[in-house]
Amino acid sequence: MNKPRRPPGQGSPAPPQRPQAHPAAPAAGRPAVPAVSARDLTVVRGSRTVLDGLTFDVAPATVTGLLGPSGSGKSTLIRAIVGTQAKVTGTLDVLGGPAGSAPLRSRLGYVTQAPSVYADLSARQNLDYFAAVLGIPRRDRDRAVAQALDDVDLASHADDLAGNLSGGQRSRVSLAVALLGAPELLVLDEPTVGLDPVLRRDLWDLFHRLAAERGTTLLISSHVMDEADRCEHLLLVREGTLLASDSPHALRTRTGSDTIEDAFLNLVESTGSPSRERHRGGTP
Amino acid sequence: MNAARTFTTARRVLRQLGHDPRSIALLLLVPVLLLVLLYYVFDANRRGFDGIGASLLGIFPMVTMFLVTSIATLRERTSGTLERLLSMPLGKADLIAGYALAFGLLAVVQASAATGVAVWLLDLDIAGSPWLLLLIALLDALLGTALGLFVSAFAASEFQVVQFMPVVIFPQILLCGLFAPRDSMQPVLEALSDVLPMSYAVDGMTEVLHHTEATGDFYRDLAVVAGCALLVLALGAATLRRRTP
């Protein structure tokens, strides 16, 4: 599979990226509207500002990684995008409409961090129910369910109770639910945690296939920096602020780092307290 | 509100129960066995059994459905499936009606078993029709479902939700007229019992016990229980929030 890469070494960190035309993007005729567009996005939970003035775009039909340590506000950002987060200020448009508006509910798929499926139903029954909720007509439902099970390689466990599956299998059932109804935007919160490397590779292959073949936009959060290179574009967050929005290659070049982990550290120290920056001797 | 999504939700809830035959057995058998127990408790006083037995036919469905619903919806809230459902095109009313429908069906089976055993095996001596007993038992079950749904919003764990049973259900059992006639209670308690829905459920059962035809009081009791159930269901719907704070 040939992953499209952005030209290296472009742009400064903070300003919003112009969405770029993507070879696999559908409707090549009209200008690509960002799948997600945030301007000065802020979320306050209790007395704490969890997200502080985030501005970024997610280009359609791409795989974008949302990377940051645990507690950095990734899940809150994801909830804001799928419309289940309260007290969101600023502008947040998803698939051309305001985040959380009712017409979006059947157009995006969402996988929470913990597998959100019914433990006392089989994998197939789970999918069957959610497919019905999504309004997939009865005659197409069996096919849609079989396809989703196949996508996550669970066809052989289709009739096992979700509660009897392993943790990784259960999160794949949860992922399969999000694949139902061919959503235009898939938002996945740490989908590959605790999975075996072979399976992880297969899932990333699936993600890229979805973007290339079905024109799906994927936003995937992870706290594992070594998954960064599997994404076409990265959003690095830390303590509720956006450190960078760039391609992995550009990030490494710009910060003069070998790995995204080092790039992250360099960015933290260059945007962090000035004393630290002096200590490290600054970054390019 | 969408009928297809309501029915599919009800079917899903019943499928979940279907994977748990022990719970079904407990739900259906325990009320029956308790009635049999009560029958022998009143071994020397069959008239005593008639009064309390009829009242219990109204209380059982409410208590069991309260427990089942509060735990089921708490699980839905804590497992993330509620968040997922609310990010999908599912109306809150569809979800609540789906639950009410599924547990309502279960309540019909449970109340039929308990009423059938009480009337035909234990010779519960009622003047009115057993169908009227069944009707009021069904509305009680609906009320229990509604209360369970509502309190699950205020519990963070199964521990807490079970603790709501003594808070929400026990005072109603004490004040519903099972232990002492309501008009003989201390006036404040009597007034309190006038606003608690279970009092009307038990009053309705007593009407069927003593009167061959459905009386005006019976219809009033029926309306109060049904009204309370709908009101609490609406409150329960208000506790389902699409957005986490």
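No value in this document is a laboratory result; all are computed from the given coordinates. Treat the numbers as computed from the prediction; the structure is a model and nothing was measured. Reconstructed Cβ throughout: ideal geometry from the backbone, glycine too, with neighbour counts over all protein chains shown.
Listed values, structure above:
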quantity	calculated
About the Cα centre, charge dipole magnitude for the range B:3-238 (Lys/Arg +1, Asp/Glu -1 at Cβ), debye	1020 debye
FRET efficiency estimate (nearest 0.05) - Cβ-Cβ, B:SER184 to B:LEU121, R0 25 angstrom	0.15
Unit charges on C-beta of K, R, D, E only; dipole of the protein assembly as shown, Debye	1740 debye
Protection proxy ranking, peptides A:245-256, B:226-237, average beta carbon neighbours within 10 Å, highest first	A:245-256, B:226-237
Relative contact order of the range A:123-191, pairs being alpha-carbon contacts under 8 Å that are 6 or more residues apart, as %	39 percent
Difference of contour (0.36 nm per residue) and Cα-Cα distance, B:HIS211 to B:LEU230	4.1 nm
Amide H within-cut-off set for A:TYR110, under 5 Å, with H built and near neighbours excluded	A:VAL187
Average beta carbon contacts from partner chains per residue of B:4-10, 10 Å cutoff	3
Label-zone membership for the range B:106-122, site B:PHE42, 7 angstrom Cα→C-beta point, backbone N under 13 Å	B:118-119, B:122
Inter-probe distance in nm under a simple model that places probes 7 Å from Cα toward Cβ, at A:SER156 and A:ALA182	2.9 nm
Distance between modelled label sites at A:ASP226 and A:ARG214, nm, 7 Å Cα→Cβ extension	2.9 nm
At R0 = 35 Å, FRET efficiency that the Cβ-Cβ distance of A:ALA114 and A:ASP142 yields, to 0.05	0.80
Proxy reagent accessibility, fewest Cβ within 10 Å first, across B:TYR39, B:TYR219, A:TYR118, B:TYR200	B:TYR219, B:TYR39, A:TYR118, B:TYR200
Average Cα contact separation per residue, the range A:162-262, under 8 Å, 6 or more apart, as relative contact order %	20 percent
Rounded if a/c under 1.5, otherwise prolate or oblate - the range B:108-202, Cα gyration tensor axes	oblate
Per-peptide average of other Cβ atoms within 10 Å, ordering A:90-98, A:197-205 highest first	A:90-98, A:197-205
Simple label model, 7 Å out from Cα along Cβ direction - A:VAL193 to B:PHE154, nm	3.2 nm
FRET efficiency, 1/(1 + (r/R0)^6) with R0 41 Å, evaluated for B:ARG22 and A:VAL44 via beta carbons	0.35
Positive-end residue, the protein assembly as shown charge dipole about Cα centroid, Cβ charges, pick of A:ALA61, B:ILE96, B:ILE59	A:ALA61
Packing-based ranking, highest mean first, of A:77-84, B:191-198 given that Cβ atoms within 10 Å are counted	A:77-84, B:191-198
Centre separation in Å (Cα based) which lies between the range A:216-277 and the range B:1-30	47 Å
Average projection area in nm² (convex hull over Cα atoms of the protein assembly as shown, one quarter of hull surface)	29.6 nm²
Estimated D of the range A:47-184 in µm² per second, where Rh is the Kirkwood radius over Cα pairs and Stokes-Einstein applies at 25 °C, 0.890 mPa s	149 µm²/s
Rounded, prolate or oblate (a/c below 1.5 giving rounded, otherwise prolate when a/b exceeds b/c) for the range B:1-56 by Cα gyration tensor	oblate
Mean Cα-pair separation over length for chain B, i.e. relative contact order, pairs under 8 Å, 6 or more apart, %	28 percent
Shielding score for B:82-94, defined as the mean number of other chain Cβ atoms within 10 Å	6
Helical segments meeting 18 Å axial Cα length and Kyte-Doolittle 1.6 threshold in chain B (DSSP H)	B:21-41, B:130-151
